[in-house]
Every structure is written in structure tokens, then in C-alpha cells.
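K.L.:
Handing you a structure now.
The values are calculated or read from the model by the stated rules, or taken from the named source; none is laboratory data. What you see is a predicted model, and the numbers here were worked out from it, not measured in a lab. Cβ placement follows ideal geometry from the backbone for every residue including glycine, while neighbour counts extend to all protein chains displayed.
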Amino acid sequence: MPAGGVRVAGVLLLAFDTSTPAVTVALSTGEAASEVAPNRHGELLAPLIAQVLGGRRPDGIVVGVGPGPFTGLRVGIVTARAMSHALGIPAYGACSLDALAAPGIAVATDARRREVYWAVYGATRTDGPHVGKPADVAEALRAQGITTVHGAAPYLYPEAFAGFATGPEHPDAARLLDAPRTDDLTPLYLRRPDATPPGPPKKVTA
């Protein structure tokens, strides 16, 4: 099966994304399901996958690898790896922002810490993904002549994104089926995680 975002007749692809508060699942045959429930990715993903598969066995998996918060990404990527191993099928990674993409727009999602993840799209992704402050991102988009932003950022930071047309707030896994994909399932974080390993113990001096 090709790894470049190409669908093949008779090949059943399963796609899912857990990079935002939405858990979204889709099949290449059109079935789809999603639910917005922050911090419940682990509870919701498996039942939604079972719902859309309806007992069928997929021939391959496409999973959103971010950018996004660590916990949500881990649920999706670990599930993709486990299903790939158990079923003996390939699993591919795709940029989660592509699940909100459309020609001539930008995508901007919540990166927490009062920042957003963002990318710009023509026929394909032409810039990004990046992470930045909402006001800085909005200024950069205006400079590029972008007038529409999909994703949660315009809803979370309306002052920064004033004047932009908006679109879907949450990703659609069906769009990952046509997105560029690779064999790499490494999470795309763009910055260090909030939690870091403890450093060496401090020396005690007299």
C-alpha cells in the first residue's frame, strides 16, 4: 500500500486522530465517528474504532501524530502501533493539522501555554507546522494574505484572530486518508513536554 496519501480501490484504510479534545475515527469507505471529550481519549478511541469497523479488518492504519498535547497523541499512536502489530498491517503517521486543511487557508489549534500550532495550505501544506503566540501567528498569516483559519485557535483567541473567517474547530479523521503520510509514528511535539525528568540530586554541602 503506498505511503503517500493515495487511496487504493479495495484497500480498507482506518484513520484516527487524538491530537485535540476531539477523538475522531474514519474509514476509507465513508463510515466515521467522533466525540469531543477532553481527557477521555483512552476511554473513547477503542469503542469508536469498533463502531466504524463493524467487525471488518482494516488493511492499514493512518494516525495523526501531532502536533498536539503529549497525553492525547500517546493514546492514538500507541493504539495504532498495537493494532499494526496484532493484525500484521502497516501503520502510517500523518500531520494532525492536515485533518483540518483546505486549499488557501491556515490551520491553528490549541498548543496550551497560550500558544497555537499552525500551518498554511495551498494545494498541499506550504508552511509549517509551527508553534507560536496567537498574535504573532495572526500577524504572520495576514502578511501572507491568509483570510481563513480552521481549528480551535480563532475560538480560543478571538481578539488575536479578529477579522479571519473561521471553519471547523476540530479535526476530521477522514481528511487524514488523503493527507501525505510516512512510516514514521514519532509524535510531532514541536517543543519540550510540560513534564520533564527530574535532574540529578543536589549536592549537600556543610
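K.L.:
Residues that are out of contact with any Leu (no Cβ under 8 Å at 6 or more places or on another chain) and over 29 Å from N39 (Cα atoms): list the strands (runs of 3 or more DSSP E) wholly contained in the stretch 109-168 that include at least 2 such residues.
P.N.:
125-132
K.L.:
Could you list all residues from the stretch 1-35 that are under 23 Å from P67 (Cα atoms), modelled with pLDDT of 95 or more and β-branched (V, I, T)?
P.N.:
Hits for the stretch 1-35 are T18, T20, V23, T24, V25.
K.L.:
For I89, only one of the following conditions fails: (1) surrounded by fewer than 19 Cβ atoms within 10 Å (Cβ to Cβ); (2) in the same structural domain as P21 (by TED's automatic domain parsing); (3) at pLDDT below 95; (4) of a type outside the set (K, R). What is its number?
P.N.:
(3)
K.L.:
Any idea which of (1) in the same structural domain as L156 (by TED's automatic domain parsing); (2) surrounded by fewer than 24 Cβ atoms within 10 Å (Cβ to Cβ) is the one V107 doesn't satisfy?
P.N.:
(2)
K.L.:
When you go through T71, T29, T18 one by one, which is the residue that is touching a strand residue (DSSP E or B) at 6+ places or on another chain (Cβ under 8 Å) and of a type in the set (V, I, T)?
P.N.:
Sole residue among the options that is touching a strand residue (DSSP E or B) at 6+ places or on another chain (Cβ under 8 Å) and of a type in the set (V, I, T): T18.
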